1. Applying the selection to the range A:44-79, what residues are among the charged types (D, E, K, R) and within 30 Å of B:I47 (Cβ to Cβ)?
2. Mind counting the residues in the range A:105-133 that are assigned to a loop (DSSP other than H, G, I, E, B) and at the interface with chain B (Cβ under 10 Å from one of its Cβ atoms)?
3. Does the range A:163-182 include one or more residues that are surrounded by fewer than 17 Cβ atoms within 10 Å (Cβ to Cβ) and within 16 Å of the chain's Cα centre (by Cα)?
4. Filter the range A:18-37 down to the residues that are within 16 Å of B:I42 (Cα to Cα) and of a type in the set (S, T, N, Q), then identify the one that is nearest to the other protein chains (Cβ to nearest Cβ).
5. Which count do you get for residues in the range B:96-125 that are facing chain A (nearest Cβ under 8 Å), in contact with a helix residue (DSSP H, G or I) (Cβ under 7 Å, 6 or more places away or on another chain) and not polar (S, T, N, Q)?
6. Go through (1) facing chain A (nearest Cβ under 7 Å); (2) touching a residue at least 12 places away in the same chain (Cβ under 8 Å) and name the single condition B:A93 misses.
7. B:T112 - would you say it is modelled with pLDDT of 90 or more and more than 24 Å from A:D42 (Cβ to Cβ)?
Amino acid sequence: MAHSHDDHHKVPADVALRVKALETALTRRGYINPDTLEAIIDTYEHKVGPQNGARVIARAWNDPDFKSRLLDNASSAVGELGFGGIIEGTDVTVVENRPGLHNMVVCTLCSCYPWALLGLPPGWYKSFAYRSRAVSEPRSVLAEFGVELSPDVEVRVWDSTAELRYLVMPQRPEGTEDQDEAALAQLVTRNGMIGTALL
Amino acid sequence: MNRPETDSRCIAQLPKDFRDGAEPVFREPWQAQAFALAVHLIDGGLISWDEWANALGDEIRCAADHGIAEDGSGYYELWLRALEGLVAIKELADTDELADLSARWRQAYEQTPHGLPVELVDVSRV
């Protein structure tokens, strides 16, 4: 039966066909399972995101014992909030901002990032602009994000790798002493945990 | 690279939703699928994290040579290139097979009437 052109599916872009080809080839060899692929996509689209990291930071602000466990061994401490084990074989280290010390995180090689706590990285984190300049001129980069630090504040830049990914613990905003964890978590932003924003 | 320096070097020159982090996790379904394929192979131990980061880093470093944008918008194209490269090196699938499957998927899209699911008729054929 003949169909006019419009009766058929739109052919996806070449990249999409290449992905379909990979999926078909790897599935028929048993290297991957399509249900697992769907579960991975669902996790990263809907389940992980900066709200996870925000809960960790809020807990640390309100619970000094948790905070010391977090700074000592973040990979193990975040498990207390149910965020362990999403990514096997990678460790997280939390670095704390203090008066006189600001931390920021980059992956100069590619885009390594604490997925379990922040989800997938924003576009700018993957850009050449950020990767190439965060280490060599962090203050100018911070200024482009609207963060002006006084000259006496030390800036430390942490270069994440596939196996060790960093998360910044921002300073707790003043006047939040009476707030509970849920309210505090609302104050913690993604850029705050990468170190390109102040709270 | 004959792009003005400010385009690739300045955060303020990046697409607006990249700067404010408002972009969706995946812009198109194939990006999500390519992402998940790599994570699945890594989770299954067929590719190590180190191998993955190095392969992706190599593609990112050479992005301009392939005419792929360096502002982050070409990221999943680079991701896919890294994945195809490692799949070939580790002989998880061969290049001819992938080209053949890609062509057959194209044909399936062209020939399947609207409203019916697009499927390869003979998936096990090599």
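The values are calculated or read from the model by the stated rules, or taken from the named source; none is laboratory data. Just so we're clear, the structure is a prediction, and the values are computed from it rather than from any experiment. Here Cβ is always computed from backbone atoms with ideal geometry, including for glycine, and neighbour counts include all displayed protein chains.
1. A:E45, A:K47
2. Here the count works out to 11.
3. Scanning the range A:163-182 turns up at least one residue that is surrounded by fewer than 17 Cβ atoms within 10 Å (Cβ to Cβ) and within 16 Å of the chain's Cα centre (by Cα).
4. So, considering only residues that are within 16 Å of B:I42 (Cα to Cα) and of a type in the set (S, T, N, Q), the one nearest to the other protein chains (Cβ to nearest Cβ) is A:T36.
5. Here the count works out to 10.
6. (2)
7. Numbers: modelled with pLDDT of 90 or more: no; more than 24 Å from A:D42 (Cβ to Cβ): yes.
Judged against the criteria, B:T112 is not a match.
Yes/no matrix, rows are residues, columns are (1) surrounded by 21 or more Cβ atoms within 10 Å (Cβ to Cβ); (2) at pLDDT below 95; (3) not aliphatic (A, V, I, L, M):
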{"position": "A:K10", "(1), (2), (3)": "no, yes, yes"}
{"position": "A:G30", "(1), (2), (3)": "no, no, yes"}
{"position": "A:G49", "(1), (2), (3)": "no, yes, yes"}
{"position": "A:A54", "(1), (2), (3)": "yes, no, no"}
{"position": "A:W61", "(1), (2), (3)": "yes, no, yes"}
{"position": "A:L71", "(1), (2), (3)": "no, no, no"}
{"position": "A:V106", "(1), (2), (3)": "yes, no, no"}
